[in-house]
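**Student:** Okay, here's the structure, questions in a sec.
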Amino acid sequence: MLELEKTLARLEQAEAAKCFASGMGAISATLFALLGSGDHVLFLGDIYGPTIEFADRLAAYGVTHDQCFDTDIAGIEAAIKPATRVIYLESPGSMLFGLLPIRRICELARARGITTIIDNTVATPLLQKPLQMGCDLSIHSCTKYIGGHSDTLGGAVVGSAELIERIFYKGYMLLGAAMAPMDAWLLLRGLMTLPARLMQQQASALRIAHFLSDQPSVRRVYHPALETGEQSALFAEQMRGHSGLLSFDLAADSHADLLAQANRLKLFGKAISWGGVESLVTAAHRGEPAPDHAGRYPRGLLRLSIGLEGTDALIADLEQALTP
Ligand SMILES: *Cc1c(COP(=O)(O)O)cnc(C)c1O
């Protein structure tokens, strides 16, 4: 585990890292260690569901939180409260891949003595270096791209030696989400092929994003490289590329019809996780959203995690599944 921690710290140019049994192990221990009664957390962007559920639990211990979906700095500044101790963000988000102005958020936070935490799982340590943009802590679910083979769980938090020590004594030691040696070994092996996997998955996902953009039944494709304006500028400034993730809003008569179309895919596994060598598809909604309220995600949103199968075969599979 020490070797993995050193490697992850090096990849993000951080002083230190701590590994956990899972991404949620890292997230829960970090928030638990840094927050106390009376403190407020501001969540920015499209946050991983269980992270918000954990924050809901912290309310029982006097820690309050808000979620702000603004991407402009004025809106974000207005959401900061006098009691805000932590700003926790995801950029890119894990369903629509929206980006936030990381440098400006961290400047705002630093001027107020607020700790910034980013969940950097989607970008991986290779495609985005948040600590270099001013974030105090970067968190990863190693279960996704770092492991890369859908057979290991793991989590990590990287940052200054001082903050990692605090998380070690006030989170890691108390909550028990310690990483097993075999998992650390598998994750070190995963890291060795991460650049090669990402390169192919990235190229494949981009071709698939362009293919989907041309389909009449696809209303919109979500992929940072297809965005324009401010999102495109942030993509160029903050990231070295995007991974193998994309999503799209598919025209469907009903939720059942949406699932029927997704189920016609033969090369894509039907599962929620992502970042492995096998392509996966998942629907954003578990059932039919209320008629005029689909929430933050479009009704027909399907997310694809592109694996290492041939791109032509994946495109042919999508073509047959989406053709009525
Ligand atoms: C999966 C995921 C997590 C949690 O990771 P586990 O290892 O499954 O606990 C956290 N953040 C994001 C963005 C994720 O996708």
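Throughout, read-outs are computed from the coordinates displayed, never taken from laboratory work. Only a predicted model underlies this, so the values are computations on that prediction, with no experimental measurement involved. A quick note on method: Cβ atoms are made from the backbone with ideal geometry, for glycine too, and the neighbour counts reach across all protein chains shown.
**Student:** What dipole magnitude, in Debye to the nearest 20, does the stretch 151-305 give about its Cα centre under +1 on Lys/Arg Cβ and -1 on Asp/Glu Cβ? Don't jump to the answer; show the numbers that get you there.
**Tutor:** Working: 15 positive and 14 negative charges, 57 e Å.
So the magnitude is around 280 debye.
**Student:** Same structure, new question: Among T193, T228, which comes first, second and so on when ranked by fewest other beta-carbon atoms within 10 Å?
**Tutor:** By the 10 Å Cβ count, ascending: T228, T193.
**Student:** What's the angle, to the nearest 10 degrees (0 to 90), between helix 229-238's Cα axis and the longest principal axis of the chain?
**Tutor:** Value to nearest ten degrees: 60.
**Student:** Rounding to the nearest 10 and keeping the result within 0 to 90°, find how far the Cα-based axis of helix 2-11 lies from the longest principal axis of the chain.
**Tutor:** 70
**Student:** Ok, one more. Could you give the dipole magnitude of the chain about its Cα centre, charging the beta-carbon of Lys and Arg +1 and that of Asp and Glu -1, in debye to the nearest 20? Intermediate results must be reported in sequence, preceding the final value.
**Tutor:** Working: 27 positive and 34 negative charges, 91 e Å.
For this selection, approximately 440 debye.
**Student:** Need one number: the % of Cα-Cα pairs in the stretch 250-292 sitting beyond the 18 Å mark. Walk me through the intermediate numbers first.
**Tutor:** Numbers: 283 of 903 pairs.
The proportion of pairs with Cα distances above 18 Å equals 31 percent.
**Student:** Against the longest principal axis of the chain, how steep is helix 49-58, in degrees 0 to 90 to the nearest 10, with axes from Cα atoms?
**Tutor:** 30
**Student:** At 4 °C and 1.567 mPa s, what whole-number value in µm²/s does Stokes-Einstein give for the translational diffusion of the chain, with Rh from the Kirkwood sum over Cα pairs?
**Tutor:** Details: Rh = 20.2 Å.
My calculation gives 64 µm²/s for D.
**Student:** With unit charges on the beta carbon (Lys/Arg positive, Asp/Glu negative), name the residue among A260, S217, F235 whose Cα is farthest towards the positive pole of the charge dipole of the stretch 210-324.
**Tutor:** The one lying farthest along the dipole's positive direction is A260.
**Student:** In square nanometres, what is one fourth of the surface area of the convex hull spanned by the alpha carbons of the stretch 148-201?
**Tutor:** On the way: hull surface 18.9 nm².
Directional mean of the projected Cα hull area for the stretch 148-201 stands at 4.7 nm².
**Student:** Would you compute the Debye intensity of the stretch 179-268 from its alpha-carbon atoms alone, equal scatterers and no solvent, and pass along log10 I(q)/I(0) at q = 0.22, 0.26 Å⁻¹ to two decimals?
**Tutor:** -1.09, -1.27
**Student:** Taking Rh as the Kirkwood radius computed over C-alpha pairs, what is the Stokes-Einstein D of the stretch 230-324 at 20 °C in a medium of viscosity 1.002 mPa s, expressed in µm² per second?
**Tutor:** For these conditions, the coefficient is 147 µm²/s.
**Student:** Shifting gears a bit: Set the Förster radius R0 to 41 Å, insert the Cβ-Cβ distance between E288 and A203 as r into 1/(1 + (r/R0)^6), and round the FRET efficiency to 0.05. Mind showing how you got there, number by number?
**Tutor:** Details: r = 36 Å, r/R0 = 0.87.
Result of the calculation: an efficiency of 0.70.
**Student:** Based on the Cα atoms of the stretch 1-106, what semi-axes does the equivalent ellipsoid have, where each is the square root of 5 times one gyration tensor eigenvalue, given in whole Å with the largest first?
**Tutor:** Values: eigenvalues 112, 70, 36 Å².
Listed largest to smallest, the semi-axes of the stretch 1-106 are 24, 19, 13 Å.
**Student:** Based on a Kirkwood Rh over C-alpha pairs, give the Stokes-Einstein translational diffusion coefficient of the stretch 61-200 at 37 °C and viscosity 0.692 mPa s in µm²/s. Please report the intermediate quantities before stating the final value.
**Tutor:** Details: Rh = 16.5 Å.
In µm²/s, the coefficient is 199.
**Student:** Let me ask something else about it. To the nearest Å, what is the center-to-center distance of the stretch 117-184 and the stretch 73-110, using C-alpha atoms only?
**Tutor:** 19
**Student:** Using 1/(1 + (r/R0)^6) with R0 = 41 angstrom and r between the beta carbons of H210 and W185, what's the FRET efficiency to the nearest 0.05? Present the calculation step by step, with values, prior to reporting the outcome.
**Tutor:** Working: r = 38 Å, r/R0 = 0.93.
My answer for the efficiency is 0.60.
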